[in-house]
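FYI, it's all coordinate maths here, none of it is from the lab. Since we're looking at a predicted model, the values are computed, not measured. Every residue, glycine as well, gets a Cβ built from its backbone with ideal geometry; the counts of neighbours run over all protein chains shown.
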Amino acid sequence: MRRLLWIVAWMAVAIWSLFAWGAYGLLDFFGGVAARNADIVPGNPEAVEWLSWALMTLRGLGLGAIVVVWALVSLLILAVPAVLGLFLGGARREQYVEEWRGPRGDPRTSGPFTSSSGQPPIRRIERR
């Protein structure tokens, strides 16, 4: 269940990232076009310079705001499965190890082998 939550959260972050990337690109493109064509509106050269500077500043602030909002929303999306994972609990890793290897214990006293001396059989290491 926890793994499914994380998979869904990362997919949501990917979709959110694509949306934010698109907004970033559109703002970058249209902000640049507006700043380059600032001379169309006023006829005064000082007003053109001021308007171009203002549009470039707004463009830069907008691009920074998009990155900050993207990061905050991504963290919020990833916080949801982390918090839900704490409440849901889940299987501990030791339970899986026990199922795979069998119950833990002293290998000299219990095991699948039977030896008259009580010692485990010697394993040979083969060289290739």
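Relative to a virtual label point 7 Å from the Cα of residue 30 in the Cα→beta-carbon direction, which members of the range 44-84 show backbone nitrogen distances below 17 Å?
From the range 44-84, the list is 55-67.
Can you sort 69, 13 from fewest to most other Cβ atoms within 10 Å of each residue's own Cβ? It would help to have the intermediate numbers written out before the result.
Values: 69 13, 13 17.
Ranking 69, 13 by Cβ neighbours within 10 Å, fewest first, gives 69, 13.
Within 10 Å of each candidate Cβ there may be at most 16 other Cβ atoms; applying that plus a DSSP loop requirement, which trypsin sites (Lys or Arg not before Pro) in the range 20-93 survive?
Loop-located and lightly packed - 92.
According to the Kirkwood expression over distinct Cα-Cα pairs, how big is the hydrodynamic radius of the range 2-101, in Å?
Taking the inverse mean of 1/r over all distinct Cα pairs, the range 2-101 comes out at 17.1 Å.
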